[in-house]
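The values are calculated or read from the model by the stated rules, or taken from the named source; none is laboratory data. Worth saying up front: this structure is predicted, and the values here are computed from it rather than measured. Glycine gets a Cβ as well: all are built from the backbone with ideal geometry, and neighbour counts include every protein chain shown. When the accessible area is computed, the model is the full protein with side chains, heavy atoms only, and any ligands, DNA or RNA have been set aside. Shrake-Rupley method; radii C 1.70, N 1.55, O 1.52, S 1.80 Å.
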Amino acid sequence: MNIPFVDLKAQYKTIKEEVDKAIHNVLDNTAFILGENVERFEKNFAQFCKAKHCIGLNSGTAALHLALLANNIKAGDEVIVPANSFFATAEVVSLTGAKPVFADVHETTYNINAEDARKRITGKTKAIIPVHLYGQPADMDPIIELAEEKDIVVIEDAAQAHDSEYKKKRIPVTTGCFSFYPGKNLGAYGEAGAIVTNDDKVAEKIKLLRAHGESPKHHHHIPGYNYRMEGIQGAVLDVKLKYLKSWTDKRRKNAYLYNELLENADVVTPFELKDARHVYHLYVIRVKNREKVMNFLNKNGIATGMHYPIPIHMQPAYKAMNMKGKLPVTEKVVNEIISLPMFPELTEDQIDYVAQKVKEAVK
Ligand SMILES: *Cc1c(COP(=O)(O)O)cnc(C)c1O
């Protein structure tokens, strides 16, 4: 068997007619940037998240960048981020001139540990960015409690967590940044992202910042960016949004089948926080001999990934901060993680085969 890591073609086939029609409609109207398709998606995605505002942008990275700027994060400030994430989570802090301060994660969920974050807060700390890694919400109650106590802003990196819930509350609980990179749970057919928030002031500021600080036409209030969402992406995302809940349910079902089949194998399967709707953007296991297991799986036609093998504080870009050795949980788990194939269209036979090969590999 040959099992891909994700199968975007399999999903496209199930919605081809609708998506093709939506794209052709954009072409017929030449509504290429923002416009009614983006507005319709913004309205529907805000509703989906049970939030007041959704502002469509051209990437998840742009969303994180603007969420920081809209909260006045600037040079001289510090922002707490987990070291165990995709590079963009910290990169955007540097883009504002502020300093990313790396915190460690829980060994169970791989998400930021609020107690560890607390130790890293200084007089300069202005914000904290919990990441809902792999689709599981970070434990938000202690983070929000800490943020209120220290009077700092919470910005959620929800790039992997569309349709996720924390204690029956939709993600984002505060202000959240989404990526619609094609491989994400809700993926565009190109680059796209969005900010979802209940904060009217933040929403207004982000609308200005995404389009050259302009409102109305010809009046530029602040220097901004060109971070606008494309019409084609808004149209595609609005079609796909209707199916997201059922795709999430399939991902969760696939994850539970993996869990069951791997129950007695020498691997750590994903831990689920109580009352969390983990949306399994990724299904990540931990093994002792990662290299050997990955090679065995790849040789047997199974595509795998690592999210992420080099933590952000150990990337060349942040080496000068000398943080190596100071985030023990992160530094341990990154050597053991393997992401197995995970997408809604995965079949039971495929999951069976992958689990069987994992068991053979770790024996
Ligand atoms: C994908 C991702 C991003 C960046 O999103 P883009 O749309 O690729 O810019 C940021 N943070 C996390 C955790 C991600 O997975």
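Quick notes on this structure:
- So Ile206, is it in a strand (DSSP E or B), touching a residue at least 24 places away in the same chain (Cβ under 8 Å) and either under 26 Å from Leu133 (Cβ atoms) or among the aromatic types (Phe, Trp, Tyr) (or both): no
- When residues of the stretch 186-203 are limited to those that are assigned to a loop (DSSP other than H, G, I, E, B) and more than 13 Å from the chain's Cα centre (by Cα), the one nearest to the ligand (Cβ to nearest atom): Glu191
- Scanning the stretch 116-132 for residues that are away from the ligand (no atom under 11 Å from the Cβ) and not in a loop (DSSP other than H, G, I, E, B) returns Asp116, Ala117, Arg118, Lys119, Thr125, Lys126, Ala127, Ile128.
- Residue check for Ala62: within 16 Å of the chain's Cα centre (by Cα), at negative phi and either at pLDDT 95 or above or not in a helix (DSSP H, G or I) (or both): yes
- Selection of first residues in the stretch 82-103 that are in a strand (DSSP E or B) and of second residues that are more than 15 Å from the ligand (Cβ to nearest atom) and open to solvent by 10 Å² or more (accessible area, probe 1.4 Å), restricted to Cβ pairs under 6 Å at least 6 apart or on distinct chains, gives the following pairs, ordered by first then second residue: Lys99/Glu78; Val101/Glu78; Val101/Arg120; Phe102/Met323; Ala103/Asp116; Ala103/Arg120.
- Scanning the stretch 22-74 for residues that are surrounded by fewer than 22 Cβ atoms within 10 Å (Cβ to Cβ) and of a type in the set (Ser, Thr, Tyr) yields one hit, Thr30.
Rundown of residues vs (1) in contact (Cβ under 8 Å) with a residue 12 or more places away in the chain; (2) buried (at least 24 other Cβ atoms within 10 Å of the Cβ); (3) within 16 Å of the chain's Cα centre (by Cα); (4) away from the ligand (no atom under 16 Å from the Cβ), yes/no style:
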site: Ile152; (1), (2), (3), (4): yes, no, no, yes
site: Asp157; (1), (2), (3), (4): yes, yes, yes, no
site: Thr175; (1), (2), (3), (4): yes, yes, yes, no
site: Tyr181; (1), (2), (3), (4): yes, no, yes, no
site: Lys184; (1), (2), (3), (4): yes, no, yes, no
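- Flag if Gly135 is more than 15 Å from the ligand (Cβ to nearest atom) and either buried (at least 23 other Cβ atoms within 10 Å of the Cβ) or of a type outside the set (Phe, Trp, Tyr) (or both): no
- The stretch 112-126, residues that are among the small types (Gly, Ala, Ser) and surrounded by 23 or more Cβ atoms within 10 Å (Cβ to Cβ): Ala117
- Looking only at the stretch 68-89, and only at residues there that are within 10 Å of the ligand (Cβ to nearest atom) and among the small types (Gly, Ala, Ser), the one that is farthest from Glu204 (Cα to Cα): Ser85
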